[in-house]
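These notes are about the structure you will find just below.
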Amino acid sequence: MLVWQIGVLLLFTAAVPLGIGAGIAVFVDRQEKNAGFMWMAGYLVLFAAFQILAVPLIIKGARFSTLVRWFAALGILSAMAGVLVRLWRMKRVPVLQVVKPRMEKREIILWAVFGIMLLIQLFLAGYLSFADGDDAYFVTTATIADGTDKMYVYLPYTGGTTSLDMRHALAPFPLYIAFLARVTGIHAATIAHIVLPVVLIPLTYCIYGLIGSRLFKGKRGQLPVFMIFTALLILWGNYSLYTAETFLMTRTRQGKAALGNIMVPAFFLLAYLVGERLAENKKVEKALWILLFSLTVFSCLCSTFGGFLAAVLLGVFGLCALIAYRRWRLLPLLAVCLLPAAVYMGMYMILK
């Protein structure tokens, strides 16, 4: 039974995102085809798909089981399609393999130090299972959805029935916890306090690693130093209850933590990649625009405030890009990427 649970968990937290990301990354040039980029891209698309699928079902009053079946099927089929697309694309357009030099002893030691620091953080976040007051709402919401097959019609504090809670229903990140609990058979509280930190903390470092690979392009030996420095900032970032580092380590299972630690760094990474193409007067791949669109949807999944934050970030980036590169053709693409934020913020104003 335990082996089956772990297998299903690895399927939906590792294999499915990697499969989806493989189909996207193959259309992106340069070294963005690595496994880290695939994993990040796959998660962005997967989370966006969850938001797009979950909100209409919640408003309709559908059962949670319906969301589980549809999302599980969508994720598996999308991963299979991504792998097939990658194989077809690589067969049609062969990619030259870049021979990387062997790592020096110093670089191996630095990566080992970072690996130890990451394991310490995973231990602290997962084994110690920090308690937080907001868990009374978010973890309980996931537990109720898994146990009652209803979504956002029970009060998590008392268990009593209520009308549809639209304020939280438009950002149903707890239902993703409930989804993992349902398909694996592991209790939602265990998923929230142990599994998600083990998944989302490495995903956060994966994004930082991709950012570092761009900042230190051509200086590979400096990347592990950058990662160690980042890990130190996170380990010693609890100077306030409201820092991104505190949220990452102690409130990983909450959408607010994913918003600050996954969405924001991923946005800066994608903005950098788009700006890099614009600076070199090259065409921006459609895959990058798809990821920016998915990132906006994902921000709405994390928090009702997330749509506003994504709109501000996209607006600032678009303004800077227009001033710097005078590429007016960016406006329609940026408008499409802004559309999910406008839709979900509009729904919040109307339905709350």
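The values are calculated or read from the model by the stated rules, or taken from the named source; none is laboratory data. Predicted, not measured: the structure shown is a model, and the values here were computed from it. Every residue, glycine as well, gets a Cβ built from its backbone with ideal geometry; the counts of neighbours run over all protein chains shown. In case anyone asks, the SASA skips ligands and DNA or RNA and just uses the protein heavy atoms, side chains included. Shrake-Rupley method; radii C 1.70, N 1.55, O 1.52, S 1.80 Å.
Of note:
- The charge dipole of the range 265-352, taken about the Cα centre with unit charges on the Cβ atoms of Lys, Arg (+1) and Asp, Glu (-1), comes to about 240 debye, rounded to the nearest 20.
- Ranking 337, 48, 142 by how far each Cα lies toward the positive end of the dipole of the chain (charges on Cβ) leaves 337 at the top.
- Axis of helix 173-184 versus longest Cα principal axis of the chain: the two differ by about 90°, to the nearest ten degrees.
- Rg and Dmax [Cα atoms of the chain; Å; Rg one decimal, Dmax integer]: 20.3, 62
- Checking the Cα-Cα distances for 91/282; 219/256; 217/282; 105/217; 219/282; 219/283 against a 30 Å cut-off, the pairs over it are 219/256.
- The relative contact order of the chain comes to 20 percent, based on Cα pairs under 8 Å that sit 6 or more residues apart.
- Ordering 63, 86 by accessible surface, largest first, gives 63, 86; the 1.4 Å probe counts only protein heavy atoms, with every chain in place.
- Between helix 105-126 and the chain: long-axis angle, C-alpha atoms, 0 to 90°, nearest 10: 10 degrees
- For the range 137-292, the per residue solvent-accessible surface stands at 39 Å², with DNA, RNA and ligands left out and a 1.4 Å probe.
- Solvent-accessible surface of the range 1-130, taken per residue with a 1.4 Å probe and all protein chains present: 58 Å².
- Packing-based ranking, highest mean first, of 248-261, 290-303, 322-335, 148-161 given that Cβ atoms within 10 Å are counted: 290-303, 248-261, 148-161, 322-335
- The C-alpha atoms of the chain define a longest principal axis, and helix 264-279 lies at about 30 degrees to it.
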